[in-house]
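One structure is given here, and the rest of the page talks about it.
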Amino acid sequence: MICVKRGNQEVWLGSAEMRVFYQNRVYAAPNLIYHYVTEHQYCPPEEFIEAVLKGPLPGSPEYETFLKRWEQVR
């Protein structure tokens, strides 16, 4: 696991996965993707980047709707 600082907050990475919802698709990545991008200049696929930038934010009503739909399909 890796501890990263963002402002005054410390976050441990390496034991979780993130989900990104966009255009009726679900993208998944390890939460270490933050470290890969910031420290190792990893560039995720354009499709994933677009989903991160344009998809609904976690906690928003639109995100919650996507999450409920996705959980029903699994």
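Where the second residue is in a helix (DSSP H, G or I) and the first is closer than 12 Å to Gln23 by Cα and lies in region 52-67, which pairs have Cβ atoms under 7 Å and are six or more apart or on separate chains?
Pro56/Glu62; Pro56/Tyr63; Pro56/Phe66
Here are some residues: Ala51, Ala29. Which one is within 21 Å of Glu10 (Cα to Cα), in contact with a strand residue (DSSP E or B) (Cβ under 6 Å, 6 or more places away or on another chain), surrounded by 14 or more Cβ atoms within 10 Å (Cβ to Cβ) and at pLDDT 95 or above?
Testing whether each residue is within 21 Å of Glu10 (Cα to Cα), in contact with a strand residue (DSSP E or B) (Cβ under 6 Å, 6 or more places away or on another chain), surrounded by 14 or more Cβ atoms within 10 Å (Cβ to Cβ) and at pLDDT 95 or above leaves just Ala29.
Please enumerate the residues belonging to region 5-18 that are modelled with pLDDT under 90 and surrounded by 11 or more Cβ atoms within 10 Å (Cβ to Cβ).
Val11
Only one of (1) in a helix (DSSP H, G or I); (2) over 25 Å from Val73 (Cβ atoms) fails for Cys3. Which number is that?
(1)
What is the residue count in region 20-74 for residues that are assigned to a helix (DSSP H, G or I) and among the aliphatic types (A, V, I, L, M)?
Total meeting the criteria: 8.
I'd like the full set of residues that are touching a residue at least 40 places away in the same chain (Cβ under 8 Å) and farther than 21 Å from Leu67 by Cβ, limited to region 10-51.
Correct list: empty.
The values are calculated or read from the model by the stated rules, or taken from the named source; none is laboratory data. Everything quoted here is computed from the prediction, not taken from an experiment. When we count neighbours, we look across all protein chains shown, and the Cβ atoms used for this are built from the backbone with ideal geometry, even at glycine.
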